[in-house]
1. For the range 83-148, which GluC sites (Glu not before Pro) are in a loop by DSSP, counting at most 13 other Cβ atoms within 10 Å?
2. Tell me, what HN-Hα J-couplings in whole Hz come from the Karplus equation 6.51 cos²θ - 1.76 cosθ + 1.60 at θ = phi - 60° for each residue of the range 67-78, using x for Gly and Pro?
3. Classify the range 6-138 as rounded, prolate or oblate, taking a ≥ b ≥ c as the square roots of the eigenvalues of its Cα gyration tensor: rounded when a/c is under 1.5, otherwise prolate if a/b is larger than b/c and oblate if not.
4. Treating cross-link reach as a plain straight distance, find the aspartates and glutamates whose alpha-carbon is under 13 Å from the alpha-carbon of residue 85, omitting any fewer than eight places away in the same chain.
5. Quick one: longest stretch of the chain between exposed loop trypsin sites (Lys or Arg not before Pro), exposed meaning at most 14 other C-beta atoms within 10 Å and loop per DSSP?
6. Let's test the formula: R0 of 35 Å, r as the Cβ-Cβ distance of residue 86 and residue 52. What FRET efficiency results, to the nearest 0.05?
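Laboratory data are not the source of any read-out in this text; all were calculated from the coordinates shown. As the structure is a prediction and not an experimental result, all values here were calculated from the model. Positions of Cβ are backbone-derived with ideal geometry, glycine not excepted, and every protein chain shown enters the neighbour counts.
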Amino acid sequence: MSNEFFVVSLEKHDTKDIRDKRVNGSLTVIWRDWDKSLDIVPKMIYVSSVNSGEIKGPHIHKKRTSFFTCIHGKVVFIIREKTGKYSEIIVDANNPMLICVPKNIASSHVNLSNEISRVLTIADIAWKPNDAEMENVTFDDYNWSQWTKNTDFL
């Protein structure tokens, strides 16, 4: 497993009505066991929500590598690399990407939409209550105001 974050473009396919073949939606492939797009075997998959304009994190998972994709709404993932540089990746359901954040890399995400956004997460270690695996951190030198009007927490 790499110690650096990376992004994988995801397949998105139109789905069609069985009667008249018009496009009635879409299907996005997140993971298949035969793809080898992830070098882990998933141990936990969950969906979290973030309210409009709100921030989740930043925090570090000390044992867990996580793969994130936005399945509803629009979010920006902010990742602090080991060099201290920040990377920003905007993801929404129309431009599906899977973002790998390895253990010991700090990350956060901000909801950029006017509605609740939902993020699907695949992890290589399952969460257990009281396992103290996550550590909250601050991005004191990061410009949060570019993404949100709610800067009261700064």
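1. When the GluC sites (Glu not before Pro) of the range 83-148 are filtered for loop state and at most 13 Cβ neighbours within 10 Å, 115 remain.
2. 10, 10, 8, 8, 9, 7, x, 8, 9, 10, 8, 10
3. Verdict is prolate for the range 6-138.
4. Once the sequence-local aspartates and glutamates are set aside, what remains near residue 85 is 4, 140, 141.
5. Details: sites that count: 19, 21, 22, 32, 36, 43, 62, 63, 82, 85, 149.
Longest stretch, sites excluded: 86-148.
6. Details: r = 22 Å, r/R0 = 0.64.
Calculated value: 0.95.
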